[in-house]
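The values are calculated or read from the model by the stated rules, or taken from the named source; none is laboratory data. Since this is a predicted model, take the numbers as computed values, not measurements. When we count neighbours, we look across all protein chains shown, and the Cβ atoms used for this are built from the backbone with ideal geometry, even at glycine.
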Amino acid sequence: MAQAQEPFQRIGVEEARKLIEEGRVRVVDVRNLDEWQAGHIAVATHVPLPQLLNTPAQSLAGDKAQPHLFVCAVGERSAVACEVAAMLGFKEIYNLQGGTTAWIKDGNPVAS
């Protein structure tokens with residue numbers, strides 16, 4: 001039996017960095033406030049996952065045609081956020097594999 005395909009694309013740090021540098025994606029960090037304050041991708045918007053789950057339409061208000069990249073610590077909570085975005089009708093959705101942990105490990109800068 002074939003497994004259902006995810007409504008988002010899992011991408012690595014290099015591809016994510018390229019999309020961000022080109023200004024092609026809205027970056028949404030779904031980690032908790034303490035994690036966010038410890039360091040995040042500079043252009044990211046902070047929308048904690050509980051907030052996103054409680055008020056999805058308000059939390060992700062914006063252009064559904066704009067590509068979105070969701071980020072958490074390792075890529076699990078952001079995958080949930082990707083599913084929510086897909087249910088809201090967003091079309092081009094990316095999940096950063098390895099999350100902020102991989103982003104930092106690869107030598108990329110973070111803001112605090």
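All conditions in (1) of a type outside the set (S, T, Y); (2) surrounded by 12 or more Cβ atoms within 10 Å (Cβ to Cβ); (3) free of Cβ contacts under 8 Å to residues at least 60 places away in the same chain; (4) not in a helix (DSSP H, G or I) hold for N108, with the sole exception of (3). Taken together, the residues in the range 37-52 that are in a helix (DSSP H, G or I) and either touching a residue at least 24 places away in the same chain (Cβ under 8 Å) or surrounded by 20 or more Cβ atoms within 10 Å (Cβ to Cβ) (or both) amount to 4. So which residues in the range 53-87 are assigned to a helix (DSSP H, G or I), under 12 Å from the mean Cα position of the chain (by Cα) and of a type outside the set (S, T, Y), if there are any at all? R77, A79, V80, A81, C82, E83, V84, A85 - these are the residues of the range 53-87 that are assigned to a helix (DSSP H, G or I), under 12 Å from the mean Cα position of the chain (by Cα) and of a type outside the set (S, T, Y).
Looking at the range 60-72, is at least one residue among the hydrophobic types (A, V, I, L, M, F, W, C), buried (at least 16 other Cβ atoms within 10 Å of the Cβ), farther than 21 Å from K18 by Cα and touching a strand residue (DSSP E or B) at 6+ places or on another chain (Cβ under 7 Å)? No, every residue in the range 60-72 fails to be among the hydrophobic types (A, V, I, L, M, F, W, C), buried (at least 16 other Cβ atoms within 10 Å of the Cβ), farther than 21 Å from K18 by Cα and touching a strand residue (DSSP E or B) at 6+ places or on another chain (Cβ under 7 Å). The number of residues in the range 91-112 that are under 20 Å from L52 (Cα atoms) and modelled with pLDDT of 95 or more comes to 8. Screening the range 16-36 for residues that are closer than 19 Å to K105 by Cβ and without any contact (Cβ under 8 Å) to a residue 40 or more places away in the chain and picking the one that is nearest to the chain's Cα centre (by Cα) gives W36. So, of the residues in the range 73-105 that are over 14 Å from A44 (Cα atoms) and small (G, A, S), which turns out to be surrounded by the fewest Cβ atoms within 10 Å (Cβ to Cβ)? So, considering only residues that are over 14 Å from A44 (Cα atoms) and small (G, A, S), the one surrounded by the fewest Cβ atoms within 10 Å (Cβ to Cβ) is G89.
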